[in-house]
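*Asks:* Take a look at the following structure, please.
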Amino acid sequence: MAKKNKKLTATQIEYQAFAKKMEPPRPVLKNCIRAFWVGGLICLLGQFIQTFFIHFFHFDEKTAGDPTVAVLIFISVLLTGFGVYDKLGQFGGAGTAVPVTGFANSIASAAIEHKSEGYVLGVGGKMFKLAGSVIVFGVVAAFFIALIKWLFTALGGS
């Protein structure tokens with residue numbers, strides 16, 4: 001921080017100190033509680049959807065996961081299109097960003113934002129800008145986790 005302040009004039013430093021003093025405090029505890037409840041409610045909705053698939057479509061717990069995630073993604077994209085998910089995100093903060101619905105929201109938001117640039121270069125190109133890095137990280141992380149598991153089992157682990 002000191003390195004950044006060396007380039008500033010005395011007036012600029014004084015103004016930054018004044019602005020920091022006048023900035024309202026962030027309600028960290030309130031934000032954490034909101035994120036916990038909103039994220040928990042999203043996960044609870046996912047559990048209800050999974051239970052629905054188990055009881056009415058005779059999936060088992062393992063196979064009900066995929067359609068559950070698909071329905072959650074669909075709901076998230078639909079709510080993003082209607083502008084509801086953004087309001088929920090303003091209220092719930094990280095609670096809306098952590099589940100799979102947050103990822104679907106970020107992709108749908110990018111697609112909506114760049115629609116004016118065309119469907120291929122705008123929607124398609126910008127929508128997967130975020131998705132690409134997440135997919136690459138997921139594949140690389142899965143590779144290393146599988147490698148660790150393989151080494152563990154090859155060395156006699158269970």
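The values are calculated or read from the model by the stated rules, or taken from the named source; none is laboratory data. Quantities reported herein were computed from a predicted structural model and do not represent experimental measurements. Backbone-built Cβ (ideal geometry, glycine too); neighbour counts: all protein chains shown. These accessible areas exclude ligands, DNA and RNA; they are computed on the full protein's heavy atoms, side chains included. Shrake-Rupley method; radii C 1.70, N 1.55, O 1.52, S 1.80 Å.
*Asks:* Out of E23, E117, I need the residue that is more than 24 Å from the chain's Cα centre (by Cα) and closer than 28 Å to L130 by Cβ. Which one?
*Replies:* None of the other options fit; the residue is E117.
*Asks:* Does any residue in the range 24-50 that is touching a residue at least 12 places away in the same chain (Cβ under 8 Å) and under 14 Å from F91 (Cα atoms) come within less than 9 Å, Cβ to Cβ, of a residue that is open to solvent by 90 Å² or more (accessible area, probe 1.4 Å) and assigned to a helix (DSSP H, G or I) six or more places away or on a different chain, and which pairs are these?
*Replies:* R34/F91; V38/F91
*Asks:* Quick one: is S109 open to solvent by 40 Å² or more (accessible area, probe 1.4 Å) and either among the hydroxyl-bearing types (S, T, Y) or at positive phi (or both)?
*Replies:* no
*Asks:* Okay, moving on. Considering the range 126-158 alone, what residues qualify as being open to solvent by less than 40 Å² (accessible area, probe 1.4 Å), more than 17 Å from T80 (Cβ to Cβ) and either in contact (Cβ under 8 Å) with a residue 12 or more places away in the chain or in contact with a helix residue (DSSP H, G or I) (Cβ under 9 Å, 6 or more places away or on another chain) (or both)?
*Replies:* The answer is G157, and nothing else.
*Asks:* Could I ask something else about it? Inside the range 9-98, counting only helices (runs of 4 or more DSSP H) that do not spill past its ends, which hold 3 or more residues that are touching a helix residue (DSSP H, G or I) at 6+ places or on another chain (Cβ under 6 Å) and buried (at least 17 other Cβ atoms within 10 Å of the Cβ)?
*Replies:* 28-57, 65-81, 84-92
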